[in-house]
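Input: a single structure, listed below in structure tokens.
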Amino acid sequence: MNSLQRIAIVGGCGHVGLPLGIVLAGKAGLQVDLLDIDPAKVGLVNSGAMPFMEHAADLLLRDVIGKSLKATLDPACLKAADAVITVVGTPVDRHLNPTVGDVYRSIDALLDHMQDGTLLVLRSTVYPGVTRLVHERLRKLNKHVLLAFCPERIAEGNAIEELIKLPQIVSAFDNEAMVAASQLFGRIAPTIIELTPPEAELAKLFTNAWRYANFAISNQFYVLAQSRGLDFYRIHDAVTREYPRMRSFAKAGFAAGPCLLKDTLQLAAFSQNNFFLGHAAMLINEGLPMFLVEQLRPHDLSNKRVAILGMAFKAESDDPRDSLSYKLKKLLEVEALEVLCSDPYVSDNSLVPLETAIRMADIVMVGAPHAVYRDLEIPGEKIVVDPWNFFPARELAPATA
Ligand SMILES: NC(=O)c1ccc[n+]([C@@H]2O[C@H](COP(=O)([O-])OP(=O)(O)OC[C@H]3O[C@@H](n4cnc5c(N)ncnc54)[C@H](O)[C@@H]3O)[C@@H](O)[C@H]2O)c1
């Protein structure tokens, strides 16, 4: 294939596509088209505004938009591309197995516009075996497209920094595609790691499932300690302080968002439900909101107002997708007199200002520990529930019968 100059990113205005487009159009000096189906996001991006929070992205976007970067609704941009990167999920059914017809339809929609010789990069997290299905589809259709699977491994919110710092896993079934994909990502990543596609598919799922299981260990230990009236964080501090082997012992808190649980479940489906660790992690992490509510039961929630601070799925984010704060909210709505939710970043008409939430609440719960809460003064008579230990001076209020 010719040298890479023009790239199209399908799903280009989302959390994975847009930071990648900004870096490819900036640092890598490529011409990038961001293809998306959402007219509002396309308009925003073309006006130089980020549709979501992403550290250090705003300035860089304004540098390149209208020059080397453009958002568009028109799939014609795929024709001119030397490489097409798709970040759109390759569909799986409700049991998390790929439905072959859906996989083929999502790829065929791209192939209709792509020229022979183009590099096609699958970048969203896929169910194991999907890259081979796509490869076989291309051969059946006699399409000479160079197929590669190069998973995204950034943490949302830190993409701009991580895209140029993290090694990039690159995989393909043939050398020509491997070389082309390595050339593309070699323009931004410091190291290229080559795997076969089945290895790369598992590498990505292992990464997320490992992280999810790691959080589950902390959440399980948190529940163990707190349910016996012991302070988890005194123990956490004792075992991590000057003890390098416990460096990866995470704090407790909500392990949520659009990727970790979904990808652990994909691995569970792939293992034909023999991924016991993954299932256990899901029960523990998804069970944490219930444990927190259970701990409060002796306070008689029926006459208490509860505030949840932070509705995003994690700190310093405006992304509420699969946030456990919303699960907590649902549970509390059954039990409590009123639930007041607040978040400085999430867009949701049901939220109330922080000051209102604090003033009205009898109980304050930390959902996402945004840094802006750091100096918050919570009057001493309020019960604070803080699984993150964000307000270390305040201990989890002991339940009084
Ligand atoms: N969010 C993360 O941090 C992250 C990290 C690694 C991998 N992933 C994987 O990346 C994939 C994308 O995640 P995301 O967070 O960017 O999602 P997102 O919802 O933020 O972005 C997806 C974008 O694709 C657009 N889109 C949907 N269908 C389209 C189509 N047919 N053609 C063109 N555009 C289309 C949407 O409008 C949206 O802008 C997921 O499969 C996820 O598993 C996400």
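No lab work stands behind these numbers, since they all come straight from the coordinates. Here the structure is a predicted model, which is why all the values come from computation and not from measurement. Note that we place each Cβ from the backbone using ideal geometry, even for glycine, and neighbour counts take in every protein chain shown.
Results, tabulated for the structure shown:
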| read-out | value |
| --- | --- |
| Amide H contacts under 5 Å for residue 32, placed H, 5+ residues apart | 7, 69, 70 |
| The stretch 105-121 residues near the modelled residue 140 label - backbone nitrogen below 12 Å, point 7 Å along Cα→Cβ | 105, 108 |
| Residue-span extension gain [residue 105 to residue 375] - 0.36 nm each, minus C-alpha spacing | 92.1 nm |
| Sequence-separation-based contact order of the chain, relative, with Cα cut under 8 Å and 6+ spacing, percent | 11 |
| Nonlocal amide H pairs with residue 341, under 5 Å, H built at 1.01 Å | 308, 352 |
| Qualifying GluC sites (Glu not before Pro) for the stretch 270-328 [loop in DSSP, other Cβ within 10 Å: at most 10] | none |
| Amide H contacts under 5 Å for residue 147, placed H, 5+ residues apart | 120 |
| Kirkwood Rh and Cα Rg combined as Rg over Rh, evaluated for the chain | 1.01 |
| Pairs beyond 18 Å (Cα-Cα), from 70/165; 41/327; 204/262; 262/329; 27/67; 304/330 | 70/165; 41/327; 262/329 |
| Nearest-0.05 FRET efficiency for residue 153 and residue 174, computed from C-beta distance (R0 25 Å) | 0.60 |
| Computed FRET value (nearest 0.05) for residue 95 with residue 56, which takes r as the C-beta separation and R₀ as 25 Å | 0.05 |
| Spatial separation of Cα centroids for the stretch 225-284 and the stretch 317-388, in angstrom | 23 |
| Rounded to whole Hz, the Karplus (6.51, -1.76, 1.60) HN-Hα couplings of the stretch 223-235, x for glycine and proline | 4, 4, 6, 5, 5, 9, x, 9, 8, 3, 6, 5, 6 |
| In sequence order, calculated HN-Hα J values of the stretch 338-348 (Karplus, 6.51, -1.76, 1.60; Hz; x Gly/Pro) | 7, 10, 10, 10, 9, 7, x, 10, 6, 9, 6 |
| Nearest-ten-degree value, helix 130-140 long axis tilted from longest Cα axis of the chain | 20 |
| Angle in degrees between helix 100-111 and the longest Cα principal axis of the chain, rounded to the nearest 10 | 60 |
| Inter-probe distance in nm under a simple model that places probes 7 Å from Cα toward Cβ, at residue 241 and residue 183 | 5.6 |
| Cβ-based charge dipole, the stretch 190-318, positive-most Cα from 197, 308, 284 | 308 |
| In order through the stretch 48-63: 3J(HN,Hα) via Karplus (6.51 cos²θ - 1.76 cosθ + 1.60), integer Hz, x for Gly, Pro | x, 10, 6, x, 8, 6, 8, 4, 6, 8, 4, 5, 5, 4, 5, 5 |
| Over the stretch 249-401, relative contact order from alpha-carbon pairs under 8 Å, at least 6 apart, % | 25 |
